[in-house]
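K.L.:
Here's a structure for you.
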Amino acid sequence: MGMGKEIRERIAKRAAQELKSGMAVNLGIGIPTMVADYVPEDIHVVFHAENGILGAGGAPIPGEEDAFLCNAGGYPMTITSGASYCDSAIAFAMIRRGCIDITILGALEVSERGDLANWIVPGKRVAGIGGAMELAQKAKKVIVLMNHVNRQGESKVKKQCDLPLTAVACVKLIITEMAVMEVTEGGLVLREIMLPYTIEDVIRHTEAALLIPSSISYIP
């Protein structure tokens, strides 16, 4: 099931609210890349890219792309003032050392305990796992941005992942076009609902068991 630009932007804007000044942040390809365009003006973070950039910026203005400047997904990007370059070994050392405060990734499936499957659908050709495994295991906080259901209309928020795992019990927050859910020790908690969806809509489209708190925020 596809997702329009307006919905993708809405998810990216909500994810940007999780960022705090001083953080080192890594963005995956897809919707996560868009988060860089919605960081509040009073928040100053440093974006990290696995291909060797600390201080990555948002997407360039069309027509002003630099052919030698791209993100880890190969898409054109900009850099911020004070940005620095390094080789991929150093970039991955930053990840493996636990220096990344937040990584924001896409996913194929997430389980109610925070297991992440985001790198392969068996039988389909893929580019490779990239840095997802290291990021999922070593980032201080893992946030997933994704469709709530797949192209067949089946929930991607599952009791247990069916697809091969990228990492176990790593995801802390899931943001979809329907809801914001937090993985806690007690289970998966429904924190926010994206209007016009309702609690009933979210429960009906979620295979995982959801804990419903007494107060839930609604995002217009």
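K.L.:
Where does the chain land at 222 nm, in deg cm²/dmol rounded to the nearest 500, when only DSSP H runs of n ≥ 4 count, each adding -39500 (n - 2.57), divided by all residues?
P.N.:
-4500 deg cm²/dmol
K.L.:
Tell me whether segment 1-87 comes out rounded, prolate or oblate; compute the Cα gyration tensor, take square roots of the eigenvalues as a ≥ b ≥ c, and use a/c under 1.5 as the rounded threshold.
P.N.:
oblate
K.L.:
Let me ask another. Tell me which residues come under 5 Å, amide H to amide H, from ASN26 once H is placed; ignore anything under 5 positions away on its chain.
P.N.:
For ASN26, the qualifying residues are HIS48, ILE102, THR103, ILE104.
K.L.:
List, in order, the whole-Hz ³J(HN,Hα) value for each residue of segment 80-92 obtained from phi through the Karplus relation with A = 6.51, B = -1.76, C = 1.60 and θ = phi - 60°; use x for Gly and Pro.
P.N.:
Calculated HN-Hα couplings, in order: 9, 4, x, 5, 9, 10, 8, 7, 5, 4, 5, 4, 6 Hz.
K.L.:
Per residue and in cubic angstrom, what volume does the convex hull of the Cα atoms of segment 110-220 have?
P.N.:
Roughly 109 Å³ of hull volume per residue.
K.L.:
Can you pull out the trypsin sites (Lys or Arg not before Pro) in segment 31-116 whose DSSP state is coil and whose Cβ has at most 15 other Cβ atoms within 10 Å?
P.N.:
ARG97
K.L.:
Let me ask you something else. In segment 1-135, what percentage of the DSSP-assigned beta bridges are antiparallel, given to the nearest 5?
P.N.:
60
K.L.:
Something else now. With only alpha-carbon atoms in the gyration tensor, what are the semi-axes of the equivalent ellipsoid for segment 111-164, in Å, largest first?
P.N.:
19, 16, 10
K.L.:
Further question on the same structure: Gap in Å between the Cα centre of segment 43-81 and the Cα centre of segment 163-220?
P.N.:
Taking the Cα centre of each part, segment 163-220 and segment 43-81 sit 31 Å apart.
K.L.:
Using a simple spin-label model with points 7 Å from Cα along the Cα→Cβ vector, what separation in nm is obtained for THR184 and ARG204?
P.N.:
According to this spin-label approximation, the distance is 2.7 nm.
K.L.:
Which residue, ASP115, ASP66, ASP162, tops the fluctuation ranking in a GNM of the chain built on C-alpha contacts under 10 Å?
P.N.:
Ranking ASP115, ASP66, ASP162 by mean-square fluctuation puts ASP66 first.
K.L.:
For GLU9, what charge total do you get from the other residues with a beta carbon under 15 Å from its beta carbon, if Lys and Arg give +1 and Asp and Glu give -1?
P.N.:
Computed value for this residue: +2.
K.L.:
Percent antiparallel among DSSP beta bridges with both residues in segment 70-210, to the nearest 5?
P.N.:
55
FYI, it's all coordinate maths here, none of it is from the lab. What you see is a predicted model, and the numbers here were worked out from it, not measured in a lab. Positions of Cβ are backbone-derived with ideal geometry, glycine not excepted, and every protein chain shown enters the neighbour counts.
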